[in-house]
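The structure appears right after this line, and notes come after that.
We did not get these values from a lab; they are worked out from the coordinates using the rules stated. Predicted model, so just to flag it, every value in this text is computed and none were measured. Glycine gets a Cβ as well: all are built from the backbone with ideal geometry, and neighbour counts include every protein chain shown.
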Amino acid sequence: MNKIAIIVGAAVVLAGGYYLGKMGQQPATVIKVGSESKAAFTSTGAEEVAAAAAGVVRSLATPTSGELIVVKDGESIQDAVVAASPGAVIKVMPGTYKETVYIDKDNITLSGVIEQGKYPVLEGEGLRNDAVLYSGNGVTVENLYITHYKGNGVMGQAGNNFIIRNNYIVDTGVYGIFPQLGKNGIVSHNIVSGIEDAGIYVGMSDNVDVVFNQVFDSVAGIEIENSRHALVESNFVYNNTGGILAFITPGLPIKTCGDVLIRNNFVVDNNHDNFAIPGSLVSNIPHGTGVLVMACDDVVVEGNIITGNNSVGITFTDFSLAGNAANDPDSEPNPNRPRILNNIMQDNGKDPAPAVRAVLAAMLETTGPDIVDTVGMDDGCILNPERFRTIGLGKYTDCEFSTTANVASYTLPEPVPARSMEDVDKGRLVYYGVCAGCHAYGSRMIGPPTQIIQALYMDNPEGIAEYAANPVKKREDYPQMPPQSHLDDETRLAAARFMLKLTQ
Amino acid sequence: MTVLSPRLCSVMLCALLMVGLPGHANATEIELSGDCPPGFQLVSGRCELRSLYQMYPSLEDAGVGGLKTGLPAYRDGYSPQQIDLGRYLFFDPVLSADGSVSCASCHQPDRGFSDGRGRSVGASGKPLLRSAPTLWNLAFQQRFFWDARANSLEEQMLGPLYDENEMANTPEGLLRTLNGIPAYRKLFSQAWPEDFRLADATIRIDQVYTALAAFELSLISLNSRYDQYAHGYADALTQPEKEGMNVFRSFVARCAECHTPPLFTNQQIAVIGTPDPQGMDFDPGAAGPLKEPTLRGGFKVPSLRNIALTAPYMHSGRFATLREAVAFYTGGRGHAVPPGENLKIHWHIWEPNLSDEELDRLVDFLQTLTDESFKPSEPAELPSGMPAVHNEIDQQDLTTFNGAADHE
């Protein structure tokens with residue numbers, strides 16, 4: 001079938017050439033169209049992708065217990081968090097809340113109630129640091145209006161399985177939304193503006209989807225930094241200094257960035273003056289930057305509408321852009337294996353920022369390109385390169401795949417498991433990690449030997465656990481034991497059981 | 001009891017004399033402990049680390065994150081005897097050429113395994129370039145010295161042992177001394193029985209390094225009140241301390257971005273532009289050792305565990321108190337950089353405009369990171385027969401070489 005098509009096609013071309021030649025006119029441009037479909041996109045997160053494709057996309061949800069706490073105007077959200085048990089839903093009614101909310105518990109849903117367009121407002125008054133901080137797993141933060149904080153709107157430190165959605169974040173400090181050091185999360189349907197660094201910043205994280213957000217009037221719209229398996233899709237990103245960024249920041253403890261899909265976004269008119277804090281990495285971004293990839297590997301830029309960005313539509317570069325930061329000998333600087341698929345690009349580069357203008361001038365150009373690779377990578381690929389004005393793509397080849405549609409999400413099909421793993425003997429960890437400071441098996445330390453405690457309590461671990469929570473002075477020749485009530489009942493009992501089993 | 005001044009005799013002579021003295025006859029009766037130090041479980045003759053933090057994972061196994069984040073890679077697995085032998089060596093001034101200082105002189109257990117000085121002083125009596133770092137939680141460290149020039153503890157200890165201004169010894173001198181002390185030959189044979197089957201077996205230098213490393217790697221501090229909070233006990237911290245914790249991890253103060261839990265360091269090099277004591281030349285830090293000019297003025301981010309015990313602060317002790325140290329970070333980006341130095345100051349050094357109250361709360365929080373529950377005991381008697389010297393620090397010296405004397 002294919003063979004016949006090619007032969008027929010060749011015959012038509014030949015005949016046409018003969019005909020046109022005869023008429024004395026220019027030959028028509030003939031574009032050869034590959035007849036075989038391209039291979040499927042593969043990524044280092046392929047197993048996760050395959051598993052996700054089998055289920056409902058982004059099925060992640062914070063587990064709830066039925067506990068409901070309602071916070072009304074004039075009350076404190078933090079008081080509700082303190083009172084909440086894992087699994088609680090905290091509903092925050094419309095009103096103004098002047099506080100920092102910190103969630104150091106698992107499975108908490110912090111959910112604003114929106115009535116007739118009225119949000120619960122977290123008001124930082126230009127005084128408070130961050131609006132919402134969380135470290136717990138399985139935290140949802142949604143439906144809040146956050147404004148006038150000095151630091152971040154929503155900041156996560158190591159919580160996995162997070163959901164940050166439907167928030168309205170306006171004029172609030174450094175980052176609007178900043179999950180850091182977490183695995184498996186969703187940032188969706190947020191409206192973020194007026195941020196002096198990044199509106200949405202995914203830092204040192206794995207498996208995060210940033211989808212359906214509106215981000216504008218900020219220095220950087222959406223940033224994926226030192227992270228792996230991130231999907232940035234269907235966001236509306238406009239009037240920032242730079243639209244969507246994926247990069248390695250040198251000097252961080254997690255040193256790689258890779259497997260980032262930037263797909264089907266509107267990246268429009270990102271020409272805002274750069275008002276970043278001096279010294280910050282984003283202070284280097286030229287205004288008029290659409291998509292910027294610095295040192296991040298395996299980035300796919302696909303199907304975006306990238307228009308009206310006055311410096312450059314898409315930039316692939318190395319650390320040379322980050323001239324104000326110290327180098328990191330442990331971070332590889334090149335944006336390896338860039339992939340550029342079928343973006344719609346118009347009107348980019350018509351008024352480049354001075355730094356870009358200077359570089360262009362050396363090439364006798366005045367208009368910024370649609371796409372530039374400042375390194376000149378030799379392992380990149382692009383589809384239909386003839387459609388774009390490009391610089392530095394001379395070594396790019398045709399891509400082996402034409403779509404990443406087989407990747408519906410980079411979130412995981414199942415939540416990251418809870419932290420207390422079943423195969424860990426908690427009692428053993430507590431005995432050696434805490435109790436052993438005062439008790440050794442056969443010898444006297446600060447407290448009596450474990451052997452003596454075994455003789456006293458034999459089959460009564462509950463007795464040990466109870467005593468440890470509320471010790472009294474027992475022995476003339478030993479100091480009174482400090483209470484171990486910082487360990488919960490279950491943990492103390494596990495340690496007591498382990499203690500009674502010990503034989504050495 | 002006869003006390004010999006170590007400076008008056010050679011180490012060999014001292015050691016022999018003292019071992020021979022009636023008052024020190026007990027030295028040869030020292031036996032090494034068969035128990036692991038607290039924090040370790042004996043498994044097949046080796047001590048394995050145990051901590052509640054082993055319940056938690058960490059992203060990319062980097063050991064950095066939030067409250068319930070697992071530990072970074074660590075070293076353990078020494079025998080109880082090797083660790084205990086290391087403890088004797090650590091406190092024994094016989095390791096220094098003139099017998100005047102021990103490891104513990106600059107790393108005193110009662111001073112957070114530091115020495116209370118801005119810049120340490122070794123056998124030569126001259127102040128060194130930098131301050132002695134704490135030894136707590138070395139098991140988790142990947143790089144050593146303020147400028148990160150050593151990649152292992154064994155590599156690191158060659159510095160102080162053999163630097164002429166520190167312990168001023170030589171490998172040959174050290175081995176000659178130890179092999180000349182019967183008590184040490186006996187203890188090394190307990191720590192390495194398989195290497196001492198033959199009657200003429202002698203102590204090897206790698207055994208000295210291994211024993212010292214084994215002891216230093218056993219110093220674990222992960223049971224502070226902060227840790228109780230992290231493991232889920234909300235009342236472990238007071239309200240002001242919790243406020244301090246929130247300032248600490250806020251993106252305004254940004255302390256936790258580099259001093260990241262659970263170890264309160266991300267183990268990176270950072271150029272932050274702290275001042276040296278007046279009159280000192282600018283210290284280029286990691287730029288030389290790492291051959292990276294942009295790291296000029298860069299130093300390893302120190303852990304903040306037990307930080308309240310190790311004043312003065314920064315690489316050369318410029319700040320006498322924690323309050324002064326935290327105030328540096330709100331003084332403005334590059335405010336203390338000497339004229340003419342063009343440093344690549346870290347992006348997290350900015351102008352957070354922290355209030356006095358926030359600085360006070362930060363200090364409150366930093367004090368919750370203190371935990372000495374696994375502090376090792378000091379030997380009552382040393383195998384060399386020499387008296388311990390590390391508690392003899394002259395208070396006069398302390399203020400002379402301390403940042404307190406010349407801070408503003």
* Structure fact -> The answer for residue A:315, listing residues at least 5 apart or on another chain whose modeled amide H is closer than 5 Å to its amide H, is A:291, A:292, A:293, A:372
* To do: Would you grab the residues whose amide H sits under 5 Å from the one on residue A:271? Only those 5+ places off in sequence or on another chain, please, with H modelled 1.01 Å from N.
  => A:239, A:240, A:288
* Asked: So who's got an amide H within less than 5 Å of the one on residue A:169, skipping anything under 5 residues away but keeping other chains? H placed 1.01 Å off N, in plane.
  -> A:146, A:191, A:192, A:193
* Structure fact -> Kirkwood radius from Cα pairs of chain A plugged into Stokes-Einstein at 20 °C, 1.002 mPa s, gives D in µm²/s equal to 82 µm²/s
* To do: Filter the GluC sites (Glu not before Pro) in the range A:421-504 down to the DSSP loop ones having no more than 15 other Cβ atoms within 10 Å, then list what survives.
  => A:422, A:476
* Structure fact -> Taking a ≥ b ≥ c as the square roots of the Cα gyration tensor eigenvalues, with a/c under 1.5 meaning rounded and otherwise prolate when a/b beats b/c or oblate if not, the range A:321-369 comes out oblate
* Work out Dmax and Rg for the protein assembly as shown from the C-alpha atoms and quote the Rg first, both in angstrom. => 31.6, 121
* **Rounded if a/c under 1.5, otherwise prolate or oblate - chain B, Cα gyration tensor axes** => prolate
* **Fraction of the pair-distance distribution of the range B:265-329 above 16 Å, Cα-Cα pairs, percent** => 49 percent
* With no solvent and one point on each alpha carbon, what is the Debye value of log10 I(q)/I(0) for the range B:41-159 at q = 0.14, 0.16 Å⁻¹? -> -0.76, -0.95
* Asked: Once you have the alpha carbon radius of gyration of the range A:426-501, what is it after dividing by 2.2 N^0.38 Å, with N set to its residue count?
  -> 0.98
* Starting from the Cα gyration tensor of the range B:6-220, take the square roots of the eigenvalues, sort them a ≥ b ≥ c, and report rounded, prolate or oblate (rounded when a/c is under 1.5, otherwise prolate if a/b is larger than b/c, else oblate). => oblate
* Structure fact -> Computed over chain B: longest principal axis from alpha-carbon atoms vs helix B:356-366 long axis, angle to nearest 10 degrees, is 30 degrees
* Asked: Which angle from 0 to 90°, rounded to the nearest 10, does the C-alpha axis of helix A:489-501 make with the longest principal axis of chain A?
  -> 70 degrees
* To do: Give the Cα extents of the range A:109-173 along the principal axes, in whole Å, largest first.
  => 29, 28, 12
* Structure fact -> Candidate cut points under trypsin sites (Lys or Arg not before Pro) in the range B:150-223, DSSP loop plus at most 10 other Cβ atoms within 10 Å of their own Cβ, are B:197
* Degrees, to the nearest 10: B:11-20 long Cα axis against longest axis of chain B -> 60 degrees
* To do: Determine ³J(HN,Hα), in whole Hz, for all residues of the range B:104-110 in sequence, where each value follows from phi through the Karplus function 6.51 cos²θ - 1.76 cosθ + 1.60 and θ = phi - 60°; x replaces Gly and Pro.
  => 5, 5, 9, 10, 7, x, 7
* To do: Compute from the Cα atoms of the range A:105-237 the Rg and the Dmax, the latter being the longest Cα-Cα distance, and quote both in angstrom.
  => 13.1, 40
